[in-house]
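These notes concern the structure reproduced below.
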Amino acid sequence: MHAVAKLQVKVLVLEEEGGAAEALKAFCEGADLLPVKVQSEHLMAVLRSSIDLGALFLSEAYACQGLQGRRLAHELHRIRPELPIFLRCAEHTALSEADQRVVRHAYRLDELEGMAAVIQASLFSLVYPEPLVRGIAELTLQALQGQFKDITVLAEAPIIVRDRLIYGEVYSLIPLEASWCRGYMMLQIEERGLQRLQSHQLADMESTHRDSIRAINNVFSETTNLIWGAFKNRFIACEDASLSKMTQVPIVINHPQRYISFGSEDPQLCFRYHLWDNALQQGEAIELHQRFVFNLSWSPELFRENQAAADSMLASGELELF
């Protein structure tokens, strides 16, 4: 495992009860998190800004713009899908399948101290800079919408994974090299899902060519290149292009077992997207999996992206430190 620079992570606490807010503040300080709060009238504007956040701590009793509890959680997830949401409930209540897609973990106040493992497993920003994670989702969504016409795309909140499993039969690998990272981006999808997706995208092509393996591979290759190009333009500085040739490690792929190894035990940053072809009146969503593994070099302290600083928000009173 690479030595990772310790990063300061801001979490937004949406809590009205004074006692619960104080308990959350103490918990965050013990978990290397920096809690910030916001007036409800500024909440949506803050979330739509480029303020770097690692998670949202939401109380079921917190209300904003006529929304409260789980309904509010769904709206917050829509605006910032990359942020895990921890929902504080007054009583033990099971989350519906729809709620589980947007709420990372539901807890009661007396269970707060036992959440350390959940925080470590969920907060990608403890390892990956939040602007990187947010930017990957943004540029990938833009690339997918540019590559495939008339589709709807939903991105789940990213997670850190340690498994080496492969999803689907079709996947692509492309190297990523910069002064701050060396590794790979991998896209994975089921072949039948890709065939369904491209059946309408290539409608003008003869069916024998449209459904061919070559056509399927070309579409996926183009999609990979679009995302890679956007990643390079946004995150890799021009001076990194002159990086000298470096050694590689073997990549082991076992197709029957759906297994892939990059020669290290490093965790992988995983995104999952659900796509619907709007030309189809029905049908299940098509899943696209995206993973980043920085197995050859990882120096997040060197990562840079131009973005608005939070200082102006703190100065204006939109954000407040506890």
DSSP beta bridges in region 1-126, what fraction antiparallel, as a percent rounded to 5?
10
How far apart, in nanometres, would the label points at residue 45 and residue 165 be if each is projected 7 angstrom from Cα along the Cα-to-Cβ direction?
4.5
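Provide the FRET efficiency to the nearest 0.05 for the residue 150-residue 222 pair, computing r from the beta carbons and using R0 = 22 Å.
About 0.80, to the nearest 0.05.
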Under the 0.36 nm per residue contour assumption, what length would be gained going from the current alpha-carbon distance of residue 22 and residue 138 to full extension?
38.3 nm
Report relative contact order for region 1-120 in percent, whole number only (criteria: Cα-Cα under 8 Å, sequence separation at least 6).
23
For the pair residue 65 and residue 31, the simple spin-label estimate (label points 7 Å beyond Cα toward Cβ) gives in nm 2.6
Using the Cα atoms as the points, what is the convex hull volume per residue of region 51-121 in Å³?
101
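Every number here is computed from the coordinates shown, using simple stated rules; none is lab data. These numbers come from a predicted model, not from an experiment. Ideal geometry is used to build each Cβ from the backbone, glycine not excepted, and the neighbour counts take in all protein chains shown.
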